[in-house]
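Taken together, the values in this text are just the output of simple stated rules run on the coordinates, not laboratory data. Since the model is a prediction, treat every value here as computed from it, not as a measurement. We place every Cβ from the backbone using ideal geometry, glycine too, and count neighbours over all the protein chains shown.
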Amino acid sequence: MAELAKNKRAYFDYEILDTFEAGLILTGQEVKSAKNNGAQLTGAYARIIGGEVQLINAHIKPYAYASNLESYDPTQTRKLLMHKVEIEKLTGKIQEKGLTLLPLELYTLRGKIKVKLGLGRSKKKQDKRESIKKREDDRSIRRAMRKVK
């Protein structure tokens with residue numbers, strides 16, 4: 001499993017409650033670009049529109065060697081492939097107050113490009129401060145442990 005892109009901002013801004021895996025429909029040039037580190041998930045989100053899951057605002061830059069670059073939109077809406085039961089489960093959970101469907105990672109699995117989606121609740125400013133403090137405390141503990149050895 002090779003990681004192509006990761007949405008680190010989603011882990012900071014949201015409390016991830018549940019994760020799902022979905023396939024991603026891409027054109028040939030988008031696949032090549034994503035495999036050459038040309039994908040960004042920061043600011044992207046997913047929505048259920050008409051019974052289908054759509055990835056919105058994910059940026060996949062144009063492949064340099066492709067021929068039809070004039071009509072290519074890097075942030076176009078892309079369809080995600082999920083089982084109908086999973087989509088119905090997500091629809092019920094998203095309708096709860098304050099839950100958002102976010103792409104967390106873009107990776108390859110057995111030759112296919114997959115997206116790890118997270119069902120998240122937005123963190124408050126105080127929660128973000130606590131996350132930063134915990135991270136800094138963990139760093140200082142690791143530093144102290146290194147000095148002891």
Among 137, 13, 127, residue whose mean-square fluctuation peaks in a GNM of the chain (springs only between Cα atoms under 10 Å): 137
Sum of side-chain charges, residue 62 neighbourhood, beta-carbon under 12 Å (Lys, Arg +1; Asp, Glu -1): -1
Helix-only mean residue ellipticity at 222 nm for the chain, each DSSP H run of n ≥ 4 adding -39500 (n - 2.57), per residue, nearest 500: -10500 deg cm²/dmol
Between the range 79-98 and the range 103-149, the alpha-carbon center distance in angstrom: 24
Dipole magnitude of the range 56-130, debye to nearest 20 (Cβ charges: Lys/Arg +1, Asp/Glu -1, about Cα centre): 380
Structure-derived Cα Rg over 2.2 N^0.38 Å: which label, when the choices are (i) 0.99; (ii) 1.22; (iii) 1.34: (ii)
